[in-house]
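Chemist: I have a structure here, written as structure tokens, and I will follow up with some questions on it.
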Amino acid sequence: MHQYLHKYLVLNKKLGIPDVGNFSIQYTPSKLDASTGLLFGPTPVVQFKQEQTAPADKVFFDFLAEEMAVDEVVAIRRFHDYVYQLKSTITAPQGGKIEGIGNLRKEESGLIIFSPYKLTQDIIPQVHSGTAIQSPKADKKHIPEDNDRELTEQEEEDIRELLGQDASDASSDNWWIYAVILLLIGVGAVLFYYV
């Protein structure tokens, strides 16, 4: 069951286990260590919230039935058996684990403590830039903001080029061609009806 839960979480970025809580995948932004020149890429992190989950998720049970190659009723029964087993193991001092996702341990107060497994991206080495990179704040020159100023013709032409528009914007000048075609179709329909 572990591999199916892990696969569902990775594909859908969320997973709910009744009477346990909800798992989701969030991404931490990439960051640059300017002093060492190491670039750390964005990494996915499994988050857990101990909250009430929806009692039935048709999409999840359809996924389970297809992955396990069994009837949906059998998949639901196996999942509920697994949840019952998981709830009994997380109350033990060492807790229980969901392979590929993390460890769960329930304290006496009823709070469930979650420790996620390290994901594959955490194992990948950081990228070294080769040279020390200065902070972008140090390189930033002060440019006065003037949102109300008019653009020059060259700036307008450059913007149109970046957006993939022609300077003449011929499509807006040829609207009348479509009007004439529609008029001819209408006249043809009237002639066809009365002739």
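Chemist: Given the conditions (1) in a helix (DSSP H, G or I); (2) closer than 29 Å to residue 110 by Cα; (3) touching a residue at least 24 places away in the same chain (Cβ under 8 Å), which single one is not true for residue 67?
Modeler: Residue 67 satisfies all of (1) in a helix (DSSP H, G or I); (2) closer than 29 Å to residue 110 by Cα; (3) touching a residue at least 24 places away in the same chain (Cβ under 8 Å) except (2).
Chemist: Let me ask another. Could you grab me the full set of residues in region 97-114 that are within 22 Å of residue 3 (Cα to Cα), without any contact (Cβ under 8 Å) to a residue 40 or more places away in the chain and surrounded by 18 or more Cβ atoms within 10 Å (Cβ to Cβ)?
Modeler: Passing the criteria: only 105.
Chemist: Let me ask something else about it. Condition check: of a type in the set (Ser, Thr, Tyr), modelled with pLDDT of 80 or more, under 28 Å from the mean Cα position of the chain (by Cα) and surrounded by 16 or more Cβ atoms within 10 Å (Cβ to Cβ). Does residue 8 satisfy that?
Modeler: Considered against the rule, which asks whether it is of a type in the set (Ser, Thr, Tyr), modelled with pLDDT of 80 or more, under 28 Å from the mean Cα position of the chain (by Cα) and surrounded by 16 or more Cβ atoms within 10 Å (Cβ to Cβ), residue 8 comes out as yes.
Chemist: Among the numbered criteria (1) surrounded by 10 or more Cβ atoms within 10 Å (Cβ to Cβ); (2) more than 27 Å from residue 2 (Cα to Cα); (3) modelled with pLDDT under 70; (4) under 31 Å from the mean Cα position of the chain (by Cα), which one does residue 167 miss?
Modeler: Of everything listed in (1) surrounded by 10 or more Cβ atoms within 10 Å (Cβ to Cβ); (2) more than 27 Å from residue 2 (Cα to Cα); (3) modelled with pLDDT under 70; (4) under 31 Å from the mean Cα position of the chain (by Cα), residue 167 misses just condition (4).
Chemist: Let me ask another. For residue 117, state whether it is closer than 18 Å to residue 4 by Cβ, loosely packed, with under 13 Cβ neighbours inside 10 Å and either among the aromatic types (Phe, Trp, Tyr) or modelled with pLDDT under 75 (or both).
Modeler: Judged against the criteria, residue 117 is not a match.
Chemist: Scan region 57-88 for residues that are of a type in the set (A, V, I, L, M, F, W, C) and more than 16 Å from residue 5 (Cβ to Cβ) and report the count.
Modeler: The number of residues fulfilling the criteria is 3.
Chemist: Which one is nearest to the chain's Cα centre (by Cα) among residues in region 20-36 that are under 22 Å from residue 9 (Cβ atoms) and touching a residue at least 60 places away in the same chain (Cβ under 8 Å)?
Modeler: 23
Chemist: Can you tell me how many residues within region 37-61 are among the basic types (Lys, Arg) and touching a residue at least 24 places away in the same chain (Cβ under 8 Å)?
Modeler: Total meeting the criteria: 1.
Chemist: A further question on this structure: Which residue, of 49, 58, is basic (Lys, Arg), under 28 Å from the mean Cα position of the chain (by Cα) and more than 22 Å from residue 103 (Cα to Cα)? Write out each step before concluding.
Modeler: Values: 49 fails: more than 22 Å from residue 103 (Cα to Cα).
Exactly one of 49, 58 is basic (Lys, Arg), under 28 Å from the mean Cα position of the chain (by Cα) and more than 22 Å from residue 103 (Cα to Cα), namely 58.
The values are calculated or read from the model by the stated rules, or taken from the named source; none is laboratory data. It should be emphasised that the depicted structure is a prediction, and the values quoted were computed from it without experimental measurement. Counting neighbours? That spans all protein chains shown, and the Cβs are built from the backbone with ideal geometry, glycine included.
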